[in-house]
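Here's the structure, in structure tokens; my notes come after.
The values are calculated or read from the model by the stated rules, or taken from the named source; none is laboratory data. Remember, predicted model here, so these are calculated numbers, not experimental data. Cβ coordinates were reconstructed from backbone atoms using ideal geometry, including for glycine residues, and neighbour counts include every protein chain displayed.
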Amino acid sequence: MNDLLRTAPAARPAAPADPALPRLAFLGVGWIGRHRMKSLLEAGLAEAVALADASPEALEEAARIAPGARVHSSLDALIAERPDGLVIATPSAQHAEQAIAALEAGIAVFCQKPLGRSEAEARAVIEAARRADRLLGVDFSYRHTAGMEAIRELVRSGALGTLLALDLTFHNAYGPDKPWFYDRALSGGGAVMDLGVHLVDLALWLLDFPEIAHVDSHLSAGGEPLVAGMEAVEDFAVATLTPRSGPVIRIACSWRLQAGRDAVIEASVYGTGGGAAMRNVDGSFYDFVTERFHGTRREALARPPEDWGGKAIAAWAARLARSKGFDPSAEGLAAVSAAIDRIYAAAR
């Protein structure tokens with residue numbers, strides 16, 4: 001248990017909250033935590049009432065974004081603020097424990113991915129949300145790009161005919177800059193847990209979470225196959241997920257791949273009546289072009305620029321403003337974690 005759970009609070013006066021907006025506390029205000037908080041505040045979707053982080057520097061930067069929020073250094077202090085919701089952006093090993101603590105206190109939760117390092121951890125959080133009847137969300141932000149929303153509509157409407165395959169890729173020319181990413185006990189895994197989780201989520205979400213009958217995978221670290229007993233986490237992975245009915249799902253992800261660009265991010269769907277794909281532009285992590293395919297022809301569905309990074313948390317906050325109650329769609333989060341578990345198991 002880290003300092004965010006046991007350190008005594010160091011508070012400062014807070015500005016009055018707007019009763020019309022959800023009152024949110026933010027646990028972990030590094031880059032991603034600050035970005036999500038800033039997007040909510042600028043959109044006028046929530047009130048930041050409290051912040052906590054083990055890093056004084058991160059807290060100082062976050063306080064400039066939300067000058068009315070109380071500053072703390074413990075989860076207990078955030079819970080004592082009795083916010084409507086808690087936004088978690090801490091290392092992966094802490095997600096489940098912190099989310100469950102908040103939910104058991106009657107506080108809704110929005111968590112960075114992964115929700116847990118395993119299906120067991122994810123299911124424990126979901127069950128806590130169900131028991132507390134509180135809203136639970138995870139930052140699977142790629143669902144909220146205009147391109148993926150358009151592709152999902154094509155899939156759901158049957159416009160692509162019988163689906164044959166989904167191909168999803170996320171190669172990053174860099175590796176994570178925090179040591180805990182490379183410690184399996186803290187991260188739960190390497191590139192699959194960091195990047196592949198987005199791909200698995202997109203595939204299952206597009207297909208309305210089918211039952212997966214079989215999984216094949218190959219994981220490697222530094223060019224060597226990842227086998228049982230190795231302490232290293234994978235920096236390259238390919239996997240095939242075969243649903244009991246429906247198209248084959250193929251994913252590939254990596255850190256530090258020498259692809260001549262910062263990133264390669266693609267999600268393609270192929271069917272008997274056409275296809276569609278979302279692809280990043282010139283190695284960008286943020287700009288995507290999405291097209292629909294008709295044989296050898298193509299038509300544009302979405303083009304940059306698009307500010308999509310904060311849409312997942314915005315949707316959660318809007319839902320929270322209407323109701324704090326449990327959303328049964330959270331069950332899909334367990335399916336994602338279960339598929340990740342099977343990718344690791346198949347490789348070993």
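Quick notes on this one:
- Residue pairs whose Cβ atoms lie under 7 Å apart, sitting 6 or more positions apart in sequence or on different chains, and linking a residue in the stretch 166-193 that is at positive phi to a partner that is surrounded by fewer than 21 Cβ atoms within 10 Å (Cβ to Cβ), are Gly188/Ser118.
- Within the stretch 124-174, being surrounded by fewer than 16 Cβ atoms within 10 Å (Cβ to Cβ) and among the small types (Gly, Ala, Ser) holds for Ser157, Gly158, Ala159, Gly161, Ala165.
- Yes/no for Glu266 being among the charged types (D, E, K, R), over 30 Å from Ala185 (Cβ atoms) and buried (at least 16 other Cβ atoms within 10 Å of the Cβ): yes
- Selected residue (criterion: surrounded by the most Cβ atoms within 10 Å (Cβ to Cβ)) from residues of the stretch 44-58 that are more than 17 Å from Gln94 (Cβ to Cβ) and free of Cβ contacts under 8 Å to residues at least 40 places away in the same chain: Ala48
- Residue under evaluation Asn280, criteria (1) polar (S, T, N, Q); (2) within 30 Å of Glu42 (Cβ to Cβ); (3) in contact with an Asp or Glu (Cβ under 6 Å, 6 or more places away or on another chain), criterion not met: (3)
- Residue in the stretch 23-37 that is at pLDDT 95 or above and within 25 Å of Ile343 (Cβ to Cβ) present: yes
- Val87 vs. criteria of a type in the set (A, V, I, L, M, F, W, C) and either surrounded by fewer than 22 Cβ atoms within 10 Å (Cβ to Cβ) or touching a residue at least 60 places away in the same chain (Cβ under 8 Å) (or both): yes
- Residue count for the stretch 301-324 under the criterion of being within 24 Å of Arg250 (Cα to Cα) and touching an Asp or Glu at 6+ places or on another chain (Cβ under 8 Å): the result is 1.
- Failed condition for Ala239, given (1) over 18 Å from Ala335 (Cβ atoms); (2) over 17 Å from the mean Cα position of the chain (by Cα): (1)
- Residue match in the stretch 216-231 (condition: in contact (Cβ under 8 Å) with a residue 24 or more places away in the chain, surrounded by fewer than 19 Cβ atoms within 10 Å (Cβ to Cβ) and closer than 16 Å to Ala338 by Cα): yes
Yes/no per residue for (1) outside the structural domain of Ala46 (by TED's automatic domain parsing); (2) more than 17 Å from Arg143 (Cβ to Cβ); (3) among the charged types (D, E, K, R):
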site: Arg279; (1), (2), (3): yes, no, yes
site: Ser284; (1), (2), (3): yes, yes, no
site: Arg292; (1), (2), (3): yes, yes, yes
site: Arg297; (1), (2), (3): yes, yes, yes
site: Arg322; (1), (2), (3): yes, yes, yes
site: Arg342; (1), (2), (3): yes, yes, yes
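- From Ala150, Ala122, Ala185, residue being at pLDDT below 95 and either in the same structural domain as Gly106 (by TED's automatic domain parsing) or not aromatic (Phe, Trp, Tyr) (or both): Ala185
- All strands (runs of 3 or more DSSP E) inside the stretch 235-334 with 2 or more residues being touching a residue at least 60 places away in the same chain (Cβ under 8 Å) and among the small types (Gly, Ala, Ser): 236-243, 248-255, 263-271, 274-280
- Residue-level analysis places Leu41 among those that are in the same structural domain as Gln98 (by TED's automatic domain parsing) and either under 22 Å from Gly137 (Cα atoms) or in a loop (DSSP other than H, G, I, E, B) (or both).
- So Gly309, is it in contact with a His (Cβ under 9 Å, 6 or more places away or on another chain) and surrounded by 14 or more Cβ atoms within 10 Å (Cβ to Cβ): yes
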